[in-house]
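The values are calculated or read from the model by the stated rules, or taken from the named source; none is laboratory data. For clarity, every value in this text was computed on a predicted model and none was experimentally measured. Using ideal geometry, Cβ is built from the backbone for each residue, glycine included, and neighbour counts are taken over all protein chains shown. These accessible areas exclude ligands, DNA and RNA; they are computed on the full protein's heavy atoms, side chains included. Shrake-Rupley method; radii C 1.70, N 1.55, O 1.52, S 1.80 Å.
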Amino acid sequence: MHKGILLAGLMAGISPFTVTAAQAVEIEYWQYVFETRVNAMDQLIANFEAQNPGITVKHVTFPYADYQTRVVAANMARQGPDVLQLFYGWADQFIGGRVIQPLSPEAFPHAQIEEDFFPIVSAMKRGDDYYGLPTAVRSLALFYNKNLMEAAGLDPNTPPTTLDELVEQAKAITQVDAAGNMAVAGMTLDMGGQDHQWWREVLVRQFGGAPYSEDGRTVTYNDAAGAAALKFFTDLQLVEKVGQRGFMDEGQAAFRGGKAGFTVDGTFRLGSFRTIEDFEWGVTELPANADGLRSNYASYFANAIGAGAQGEELEAAEKFLAYISSEEAMKIWLDVVGELPARRAAAMTEENLANPVYAPFLKGLEYARTTLFVDEAAQRQNTIDMANRILIEGQTVEEALAAAAAAEQAIIDRAKK
Amino acid sequence: MTTASAPTPTLAMPRIHPGRILIWTALFIGGVIMVTPLIFMFSTSLKTAGQVYDLRMIPASPTLDNYVKVLSDGRFLRWFLNSTFIALAVTLSNVFFDSLVGYTLAKFRFRGRYFVFLAILSTLMIPTEMLVIPWYLMSAEFGWINTYWGIMFPGMMTAFGTFLMKQFFETVPDDFIEAARIDGLNEFTIWWRIAMPLVTPALSALAIFTFLGNWTAFFWPLIVTTSQELYTLPIGLSSFAVEQAIQWEMIMTGASLATLPTLLVFLLLQRYIVRGVMLAGLKG
Amino acid sequence: MALTEQGAPAGRPDRPHVFWTMRRRQLLWVWGFLAVPVLFYGVIRFYPTGHAFWLSLTDWDLMSDPSFIGLDNYTRLFADPQFGRVFRNTFAYLIMGTPISLILSFIIAYALDRVRFGHTFLRALYFLPFITTASAMAWVWRWFYQPAPIGVINDFLSGFGIPQMAFLNSTTWALPSIMVTAIWAGLGFQIIIFMAGLRAIPTTYYEAARIDGLGEWAILRRITLPLLKPTTVFLVVFSSIGFLRIFDQVYNMTTNDPGGPLGSTKPLVLMIYQTAFSSYQMGYAAAQTVVLFTILLVVSLLQLWILRERT
């Protein structure tokens, strides 16, 4: 793939068109605001501009909550970007809305992509076309607060490796004040955070089920396995009493504030957790089930080319996309943002595998799954609601699960009609 | 405005009743409850991350670090300037156009007058929410999305302001205007030089009301702005708070920055603002 | 001022048939003054209103061309279980919020009106929340409502050994919690308006009543309240519209589960926002705005009719 892109770059470089048009082409790159990502991209842009004197890249950022809306608004106003970052789960909407265009197979040969990248890149493929390439991928792992473990009489160097151990250790960590309120949670419960992914792709599989059919069109978690997985999750609050939804508003905030022993979160949280000064934390692979079965959920933001890019802007956009999904860019991204490289060669280096923080996430990538969302926000909301029906309204696991499965199937059906 | 116009004769009694003390105390406690959120907001903004959970009113070791952090990237200043500019521009436009239309409807007799008045008044019944989708499409069409004009255009004139000003211009005696006309002044000058100065209390009421409304506006700016540079203070604060991922001391610092300027202005101009709100509310 | 009587400019009695009569000149001024406003109201108010009605009959995702689907959006809306909930929530804000805030603000205004000592100071305490930014204060309240150990209210309660309240984490209490925030924010305005209304009642009425030997309570019931009616009607309508359109507080207090747990706080305006600007179903959202418009119209007219002057 590298050669292909290089070749394409060379061809573009020597074509008379670009030579005469050497007076700077400006392309616009969009991503959402996240300090380290913005810094990393600034660095990549600087490198890219140094290598490609004829091209300047304007870097535009928006808050995550508004990002999708902004993209659609700009697309309507025909002010869309040339290259933009999008969550792989938005691909259907962005393709349907003609926000992004397929990557030309000449510049980005399919065989190369499939050989070099982790298999989850296929989530950006529709029909015969790839619509984007990731720079970095993210997976989940279990963060643990070493100080709280120690205070609870646990060994901070042996974090839980199985679900049973997780519950057991969380119980030891949990503290309740005199009025019966949770003061320290053993474990965070936050479906709105990463727990919905943990439940869907990890717990459901560990309890013997599968969340969706292979093509992602059918919800298949409404069975005994799904119910057992959901019961495990909600029992953390209802039976084991090691966590409480809404505790400290968000799970990540509870962990960050030193008020929770364990939390399931992703690579993208590393930057925020690295600023913690009040306690020592560690990270380990997501716990296996009793039979040793592990699973993980991986996701990524891909970079894609805006539908409006044409002519020399399209050429510049292709070059830029090739650069930001190169091994060099991935290394910079890992160093600055802490997100895992999307190319195998860049990810599975000895150095990375020896890194105590990256290793658990990288190991997770080997067996990670990715969910083919049709409407990520709606499907996430549906899972939040499912847990709330049990945790707040006291419905049974089976009722809540059946309602959630029916509602999610309706969301998928409407999107795929 | 405080004691001079005290309405009931009971107040003339100089003696202090125990019941009166009770009422005063109750009002005072109620008032303190009303400002408690503001006090907590401000006090937390002076705490470090570690002290946030210690819910003392007065921080153990107050620090301005949060303010330095929040202000250092210049975004809040930008949002503050955006909000100020937008609220001012919309206010000026309303003061000009609403009073011009109010004056025309109050002081001229012409065919269609009643129709125009009713048409404008009927827009009071149309909620903004119903218009935002068409406005949004219109803005996309004309390239107004994410521009100052895009944020401002829906509020450049309001039926409320027009109605208010019409009410007030009707109290201006016709003789004044007639006299000016005989002096050979043109109609615009008569309105601007003769009529307007006679309704300054109403103008300031309208200005205060419009400014406050636009300063705190949330729904439309949320929809029409797409970049941080164009955010108004309420939108900026909201996106900042989400971005801080529940770091309460930072969120409270942002909230304080968004709130303090108006609080200071209010404390300085309390008389005028309260009087303006009373006027606008009573006549409107 | 009748323009018709002024035929010609005063200085030119010798030319009665001049084209630019005083009246014509004034008409030119009138329409000159009204030109921009008429254009504004036409383009920015009336055209969008019609457009919203038309959009409500279409299926449109902003990407492809809108297709006309008749009343399908409305049938879908009334069959949507989410709408049922949202509709109930919207009215819950109205039915609890308006009376509570009006009664509170009247009592406070009535008491405040009789206080001389520190009057300006007390009034400022009550008025301050009104001029704060709702989106900023929503975050402060969100923090207040957190469960222990960070929530201010729950910490206060647990200091007395009282079990904590779930507030925003409860499907029952989330809506009232947000409503309290909205009442808090609007109370100052209503107090000021009530005070203005109280001031407007001529003191002679009170004097006469006192001479007749009426007690405080009777004066309140027979004189103050009836004379205050225009103010009350204004505030009822104004505050009802405010509660029916509640958005800022809900949006900011429930960002991580928009509309509260299981949609228990979601008002119609938030549903409109999500439908239009997260799901991009413009036609469906437009139909919701038409429903909101109808609700506002019916509620306002109903209130004006119920509170009308009975003569």
How far apart, in nm, are the 7 Å Cα→Cβ label points at A:Lys331 and B:Ile23? 8.0
Of all the stretches in chain B, which is the longest one without any exposed loop site, taking trypsin sites (Lys or Arg not before Pro) in a DSSP loop (any state but H, G, I, E, B) with at most 10 other Cβ atoms within 10 Å? B:112-284
Inverse mean reciprocal Cα-Cα distance (Kirkwood Rh) of the stretch B:210-284, Å: 14.1
So which residue, out of C:Gly118, C:Gly32, C:Gly215, gets the largest mean-square fluctuation from a GNM of chain C using Cα contacts under 10 Å as springs? C:Gly32
Fraction of beta bridges assigned by DSSP in the protein assembly as shown that are antiparallel (%, nearest 5): 65
Return one whole number: the accessible area per residue of the stretch B:193-284 in Å², for a 1.4 Å probe. 31
Which loop-located trypsin sites (Lys or Arg not before Pro) does the stretch A:193-241 contain, where loop means any DSSP state but H, G, I, E or B and the Cβ has at most 14 other Cβ atoms within 10 Å? A:Arg217
Please compute how much accessible surface disappears when C pairs with B, both sides summed, using a 1.4 Å probe, and round it to the nearest 100 Å². 9400
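For the cross-link pairs A:Lys58/B:Lys47; A:Lys146/A:Lys363; A:Lys259/B:Lys47, which exceed 28 Å when the distance is taken from alpha carbon to alpha carbon?
A:Lys58/B:Lys47
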Please report the carbon-and-sulfur percent of the accessible area for chain A; probe 1.4 Å, protein heavy atoms only, DNA, RNA and ligands left out. 50
List the extent of the Cα atoms of chain B along each of their three principal axes, largest first, rounded to whole Å. 74, 68, 33
Cα gyration tensor, chain A - rounded (a/c under 1.5), prolate or oblate: prolate
Please report the accessible area of C:His51 (heavy atoms, 1.4 Å probe, ligands and nucleic acids excluded) in Å², nearest 10. 40
Among rounded, prolate and oblate, which fits the stretch C:72-306 when a ≥ b ≥ c are the square roots of the eigenvalues of its C-alpha gyration tensor, a/c under 1.5 means rounded, and a/b larger than b/c means prolate? oblate
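Between A:His110 and A:Asp215, what is the FRET efficiency for a Förster distance of 22 Å, r being their Cβ-Cβ separation, to the nearest 0.05?
0.65
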Which of these, B:Ala159, B:Ala87, B:Ala245, has the largest mean-square fluctuation under a Gaussian network model of chain B (Cα springs below 10 Å)? B:Ala245
Hey, can you find the accessible area per residue of the stretch C:72-306 for me, probe 1.4 Å, expressed in square angstrom? 35
Out of the GluC sites (Glu not before Pro) in the stretch A:78-133, which ones are loop residues according to DSSP with at most 12 other C-beta atoms within 10 Å? A:Glu106
Taking only Cα atoms and a 10 Å spring cutoff, compute GNM fluctuations for chain B and point out the largest among B:Ser256, B:Ser227, B:Ser139. B:Ser227
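Longest span of chain C, sites excluded, free of chymotrypsin sites (Phe, Trp or Tyr not before Pro) in DSSP loop with at most 14 other C-beta atoms within 10 Å?
Values: sites that count: C:Phe19, C:Trp20, C:Phe117, C:Phe160.
In short, C:161-311.
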DSSP-assigned coil residues among trypsin sites (Lys or Arg not before Pro) in the stretch A:77-160, each with at most 15 further Cβ atoms within 10 Å: A:Arg78, A:Arg98
